[in-house]
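Participant: The structure follows.
The values are calculated or read from the model by the stated rules, or taken from the named source; none is laboratory data. Note that the structure is predicted; figures quoted are calculated from it, not measured. As a convention, Cβ positions derive from the backbone with ideal geometry for all residues, glycine included, and neighbour counts pool all protein chains shown.
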Amino acid sequence: MHLDPEFLSRLQFAWVVGWHILLPAFTVGLASFIAFLEGAYALTKRPVFLALSQFWLKIFAISFGMGVVTGIVMPFQFGTNWSRFSDVAGNIISPLLAYEGLTAFFLEATFLGVLLFGRKLVPPSMHFVAAVLVAVGTLSSSFWILATNSWMQTPVGYEVIDGRFFPKDWFAIIFSPSFPYRLAHTVSAFYVTTAFVVLGVGAYTVRRGQWLTEGRVMLRLALWFLAIFVPLQILLGDLHGLNTLEHQPAKLAAIEGLWDGGRGVPASIIAWPDMKAERNLAEIAIPRVGSLYLTHAWDGEVKGLKDFPPDQRAPVAIVYFAFRIMVGIGLLMLAIVAAGLVLMARGQLDRTRWYLRLCQFATGLGVIAVIAGWTTTEVGRQPWTIYGLMRTADSVSPSLTGSNVLVSLLLYIAVYLVIYPVGLSLMLRFVWRGPAPTDEAAPIGGGRPKSPIEALASPAPETAR
Amino acid sequence: MTPTLSLVPIWTTILAIGVFLYVALDGFDLGVGMLYNFAPDRRARDLIMNSIAPIWDGNETWLVLGSVGLLAAFPVAFAIIIPAVYFPILLMLLALIFRGLAFEFRYRDAEHRTFWDHGFAAGSALAAFAQGVILGSFIQGFQVEGRQFVGGSFDCFTAFSVFTGVALMFGYALLGAGWLVIKTEGTLQDWARALGRRCLIGVTIAVAFVSLWTPFVDPHIAARWFSWPNIALLAPVPLITAALIWYEWRSLNNRSEYAPFLAALGLFVMSYLGIAISLWPMIVPRYFTLEQAAASQSTQAFLLVGTLVLLPVILLYTGWSYWVFRGKVRSDIGYH
């Protein structure tokens, strides 16, 4: 059997980045949520915010720790497996990655330590600032890594000398054409992902009835948040799509499964794209609607896959289905949120058991949508690492043999298959135990504890000793 | 953009400081991780882990900055060195995963505590070993054609690099022992001092061996150290190193609290300096000098602006977090 180092390196990158992205997808939103809870508690002194902050902080610590260790893997992949890309594009992408480290990683790491362990040691205001700084760090990280990715998708502001890229205009490089849309769509996706987890956990907590106050607050906070962000996310997705049509027409054609371009193109609902035959099998499509939503005009012009040589087309079926999974989940989310708002307006939210169960099943929807969306944009960029300019095949390290990469890939698979189930089961265990107030910080039923901050720092009784 | 002014010396300095901070900071907490394996009991293990729990993540971040900094300042060096040490890097990353997760998982996953205890210790040891192998193979140099590494992925495992791997384990463990002397008291501190002495013996052998081996295998390095007048100018390096070893031994045996850690840091500074002197001005030994491997002027300038602002800020708040968690490690702060 012939082992292709390029193909295996792509699999390895997909494996490590795919698992890694799940964690920022969750922790970016959760960091902001915890900062919100800490702020709400500081303002209102309502114990429910304190209990929730402590509860989510435990889950955050696990997911963030996993995000850190799987994140350290990522920059090294550029060197170990994609050294030619590093050499050719290093002058442009490296400062963006370095700025991510300088503005985000140190901030997150240092103030997470203070957030987790410093309640007794720093004043309460500083503890809140630490929560805010961790959240700022996660957003800053998103900014720079998506700037890097966006430049690879829609490269501008460079010149090529001797086959290598050199910077000409840093502002253009950072704010490349797809960047504002990608940043907004991705960060919003992360927030929605977290909110669905909070919604699901809230629904479970309410359904169990043990920590009713905490469950109700989670349910309502998540629903109100999603009522704004799910429609916003769909709008942002549409704008991102228009941007892709303009700057990456071959990717858009793959997303749509559109072989023959032109004016007034149909919208493909579902089909099996056949790359060899250059057509879709068993297709259900609506005439002319494709042009309408892609260009916002009935006779808008859209390029088809046949407008591009076969060696410049992405694997159509993967992109086509990944996109449909993402959009399908988006619509499902919209329906869940709408139903929740109706139930809340009628005052039946906490008693409608089928709906609470539905929310529980929807806990991981955001995670699946993020993976599907990431697959759409990354596989859709193929066969390029730098869109239209540098091929993935020319990016791989020349020294690697297929068996080298097979060994490393298998090891990454083995390790991730240990740590992810363990991490998930530990987080589920916290959910199962519920947002129990700590022993001293339980002023429910009247009275304030002498010093809430002292109480905050005391260990939760249910955690393993 | 002023093409006349070279930023390479500045970037060399920043990267050197960044890598050294990584070695010093993650060095001591990897060392603590290795010593953890020999801890007398549960309570000791809890204290040892709590002594680094709030800061290890920040320490490890210097590794990211080191790797990305190398890519930013000397992209071709990154593109040659990293694939050349493919397997040591893989080993280091997987080890760091287990070790980093052990902090949380050990406390949360009580049923498998023993597994995560071992994961923490073995992960720390393997990461240290892998970094030592990377260092050793870097000193020996790589097979390069044009701008790419063309050797095999196992070339980096030589007798020398395996030796430097073991040597770095002793070095990190010595730093870790110094840290534990600062952070603990009573019998646990005595225990740390005793282990520190054993590590120092290992470090002394390793330093002596590497100092004699490198000039022996590489005539350039021999010329650098032993030709006149270098031999006189550079004589302080081995002399100060020897003095530091003596001072470290003494401070491990008397009651000084900070001296063992500081002297161990001093030993790392001297070893670092020794390697820098041997290799200067190459960043890819035999093929690329620092100037030749440097990123474009615009890249260096663009990143320098932010770095000069951000790095002091980072050092400031990192220092502040060490201040917050100063003093002897308390059993009531940390994981429970």
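Participant: Return yes when residue A:317 is of a type in the set (Gly, Ala, Ser), surrounded by fewer than 18 Cβ atoms within 10 Å (Cβ to Cβ) and within 26 Å of residue A:234 (Cβ to Cβ) and no when it is not.
Facilitator: Taking the combined requirement at face value, the residue satisfies it.
Participant: Let me ask something else about it. Looking at B:158, B:164, can you tell me which residue is more than 9 Å from chain A (Cβ to nearest Cβ) and out of contact with any helix residue (DSSP H, G or I) (no Cβ under 6 Å at 6 or more places or on another chain)?
Facilitator: Of the residues listed, the single one that is more than 9 Å from chain A (Cβ to nearest Cβ) and out of contact with any helix residue (DSSP H, G or I) (no Cβ under 6 Å at 6 or more places or on another chain) is B:158.
Participant: Now a separate question. Could you tell me which of the residues B:330, B:286 is farther than 30 Å from residue B:179 by Cα, out of contact with any Pro (no Cβ under 9 Å at 6 or more places or on another chain) and either at the interface with chain A (Cβ under 9 Å from one of its Cβ atoms) or assigned to a loop (DSSP other than H, G, I, E, B) (or both)?
Facilitator: Unique residue meeting the criteria: B:286.
Participant: Continuing with this model, one more query. crowded, with 21+ Cβ neighbours inside 10 Å, closer than 30 Å to residue A:388 by Cα and out of contact with any Asp or Glu (no Cβ under 9 Å at 6 or more places or on another chain), is that true of residue A:100?
Facilitator: Considered against the rule, which asks whether it is crowded, with 21+ Cβ neighbours inside 10 Å, closer than 30 Å to residue A:388 by Cα and out of contact with any Asp or Glu (no Cβ under 9 Å at 6 or more places or on another chain), residue A:100 comes out as yes.
Participant: Here is a further query. Please work out which one of (1) more than 21 Å from the chain's Cα centre (by Cα); (2) surrounded by fewer than 17 Cβ atoms within 10 Å (Cβ to Cβ) is the condition residue A:331 fails and give its number.
Facilitator: (1)
Participant: Somewhere in the stretch A:223-245, is a residue closer than 30 Å to residue A:342 by Cβ and hydroxyl-bearing (Ser, Thr, Tyr)?
Facilitator: no
Participant: Is it true that residue B:264 is at negative phi and more than 14 Å from chain A (Cβ to nearest Cβ)?
Facilitator: yes
Participant: Between a first residue in the stretch A:403-427 that is more than 9 Å from every other protein chain (Cβ to nearest Cβ) and a second residue that is basic (Lys, Arg) and surrounded by fewer than 16 Cβ atoms within 10 Å (Cβ to Cβ), which pairs have beta carbons less than 9 Å apart while being 6 or more apart in sequence or on different chains?
Facilitator: none
Participant: Just to be sure I understand, how many residues within the stretch B:300-333 are touching a residue at least 60 places away in the same chain (Cβ under 8 Å), out of contact with any helix residue (DSSP H, G or I) (no Cβ under 8 Å at 6 or more places or on another chain) and within 20 Å of residue A:109 (Cα to Cα)?
Facilitator: 1
Participant: Of all residues in the stretch A:168-182 being in contact with a Phe, Trp or Tyr (Cβ under 8 Å, 6 or more places away or on another chain) and surrounded by 21 or more Cβ atoms within 10 Å (Cβ to Cβ), which is nearest to residue A:108 (Cα to Cα)?
Facilitator: A:179
Participant: I need the full set of residues from the stretch B:29-72 which are polar (S, T, N, Q) and part of a helix (DSSP H, G or I), in order please.
Facilitator: Those that are polar (S, T, N, Q) and part of a helix (DSSP H, G or I): B:50, B:59, B:61, B:67.
Every residue, every condition in (1) of a type in the set (Ser, Thr, Tyr); (2) surrounded by 14 or more Cβ atoms within 10 Å (Cβ to Cβ); (3) over 30 Å from the mean Cα position of the chain (by Cα); (4) modelled with pLDDT of 90 or more, yes or no:
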position: A:220; (1), (2), (3), (4): no, yes, no, yes
position: A:225; (1), (2), (3), (4): no, yes, no, yes
position: A:229; (1), (2), (3), (4): no, yes, no, yes
position: A:266; (1), (2), (3), (4): no, yes, yes, no
position: A:277; (1), (2), (3), (4): no, no, yes, no
position: A:282; (1), (2), (3), (4): no, no, yes, no
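Participant: Can you tell which of A:132, A:88 is within 11 Å of chain B (Cβ to nearest Cβ) and either part of a helix (DSSP H, G or I) or not hydrophobic (A, V, I, L, M, F, W, C) (or both)?
Facilitator: Only one candidate passes the filter, namely A:88.
Participant: Let me ask another. For the stretch A:367-406, which positions are among the acidic types (Asp, Glu) and crowded, with 20+ Cβ neighbours inside 10 Å?
Facilitator: Within the stretch A:367-406, A:378 is the sole residue that qualifies.
Participant: Report yes if residue A:392 is at pLDDT below 95, of a type in the set (Val, Ile, Thr) and touching a Leu at 6+ places or on another chain (Cβ under 8 Å), otherwise no.
Facilitator: The answer is no for residue A:392.
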